[in-house]
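Below you'll find the structure, written out as structure tokens, and then a few comments.
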Amino acid sequence: MNKSPTPDLIFDVGMNNGDDAGFYIECGFRVVAVEANEAFCGQVAARFPEAVRDGRLVIQNVAVAGEPGEVEFWINEDHPEWSALDVASAARGGHRHRKVTVPALRFGDLLRQHGVPHYLKVDIESADHFCLDGLREVGLPDYLSVEVSDVALVDACEALGYRRFMLVEQSSLLPIDDWSGPLGWTAQFPRILTAHRAWPFRLIRKLAGYQRIRALGQRSRRFPGRDFPIGSSGDFGSNLTGTWVSGDAVKALWHRHYRHWTSHGREFWCDLHASRE
């Protein structure tokens with residue numbers, strides 16, 4: 001097979017409710033969307049019937065795993081977007097969860113079937129390494145993004161052949177290096193108010209209203225011609241507004257901001273974007 005990226009193809013691994021897939025389709029790309037949760041697959045097929053019918057959206061109702069066959073998959077019934085192969089990920093926070101059995105494919109086999117994409121988005125709780133293994137076997141997209149919880153992911157991407165990196169904070173969709181500007185502080189402050197556990201912040205939430213404060217933080221997710229819903233991944237590749245940096249530089253950024261956010265009792269929710277050039 002041709003291992004070169006297909007310019008009009010995107011893989012959306014961890015399709016969720018289809019917000020990302022819909023954005024990619026609007027941008028003119030063909031999308032292969034991979035999702036283990038059967039309910040999401042039905043909802044997204046009904047949401048984009050024309051794209052499914054004309055082949056612009058191909059939905060694969062499978063889990064990405066180390067071997068083909070069937071695997072146990074855990075559905076988080078309170079937050080379906082947290083469903084995962086790993087029961088600890090699906091059950092976090094004490095939420096209700098249940099086990100189902102779903103078909104599984106190796107990511108390399110999906111690439112061989114559909115081609116190497118221009119961009120790969122990965123958001124599969126605790127299983128992104130299966131996608132990286134497939135890339136190593138078959139070929140590299142021009143760009144990829146993966147939710148990052150450890151800088152070992154940067155090393156893994158560098159080992160594959162990626163050379164430039166950017167961190168995008170997912171509540172604001174701002175590149176980390178933009179946080180020092182006015183928009184960065186505007187986006188951070190509402191998140192601090194909604195996430196901090198100290199009693200003054202809890203009091204402010206009670207007086208002002210959680211949803212009202214949260215809405216303020218969503219202003220940075222509004223781009224010309226497009227509002228990105230909470231939970232969606234935002235833009236990618238050359239459209240990102242931040243600065244692409246080396247692997248060492250992006251690891252330093254991650255450590256600095258991770259320490260800052262977690263030391264104040266807040267979750268650090270961030271995607272790593274990688275570029276081959």
D_trans [Stokes-Einstein, Kirkwood Rh over alpha-carbon pairs] for region 6-141, 10 °C, 1.306 mPa s, µm² s⁻¹: 106
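What length, rounded to one decimal in nm, is gained on full extension from A159 through to A88, with 0.36 nm per residue of separation minus their alpha-carbon distance?
Details: separation 71, 0.36 × 71 = 25.56 nm, distance 2.83 nm.
Going from the current span to full extension adds 22.7 nm.
Tell me which trypsin sites (Lys or Arg not before Pro) from region 1-94 have a DSSP coil assignment and no more than 16 other beta carbons within 10 Å of their own. Can you show the working numbers first?
Numbers: sites: K3, R30, R47, R53, R56, R92; in loops: K3, R56.
Sites meeting the loop and neighbour criteria: K3.
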First measure r as the distance between the Cβ atoms of H255 and Q43, then evaluate 1/(1 + (r/R0)^6) with R0 = 35 Å and state the FRET efficiency to the nearest 0.05. 0.35
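Full extension from E77 to E50: what is 0.36 nm times the residue separation minus their Cα-Cα distance, to one decimal in nm? Don't skip to the answer; put the middle values down first.
Details: separation 27, 0.36 × 27 = 9.72 nm, distance 2.93 nm.
6.8 nm is the gain from fully extending E77 to E50.
Sum up the charges of everything whose Cβ sits under 12 Å from the Cβ of F236, counting Lys and Arg as +1 and Asp and Glu as -1, but leave F236 out.
On the way: positive: K121; negative: D12, D20, D142, D235, D271.
Net charge in that neighbourhood comes out at -4.
Would you mind calculating the gained length between S263 and D8 on full extension (0.36 nm times residue separation, minus the Cα-Cα distance), in nm to one decimal?
Length difference between fully extended and current span is 87.6 nm.
Determine the sum of side-chain charges near A46: Lys and Arg each +1, Asp and Glu each -1, restricted to other residues whose C-beta is under 15 angstrom from that of A46.
On the way: positive: R47, R53; negative: D19, E35, E38, E50.
Charge balance in the 15 Å sphere: -2.
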Positive-end residue of Q113, H97, C27, charge dipole of region 6-141 with Cβ unit charges: Q113
Ranked by Cβ crowding within 10 angstrom, fewest neighbours first, how are S246, S149 ordered? S246, S149
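Net charge near L110, counting Lys/Arg +1 and Asp/Glu -1 over other residues with Cβ under 15 Å of its Cβ?
Taking every other residue near L110 into account, the sum is -1.
Read-outs throughout are calculated quantities, based only on the coordinates presented, and are distinct from any laboratory measurement. For clarity, every value in this text was computed on a predicted model and none was experimentally measured. Note: ideal-geometry Cβ built from the backbone for every residue, glycine included; neighbour counts use all protein chains shown.
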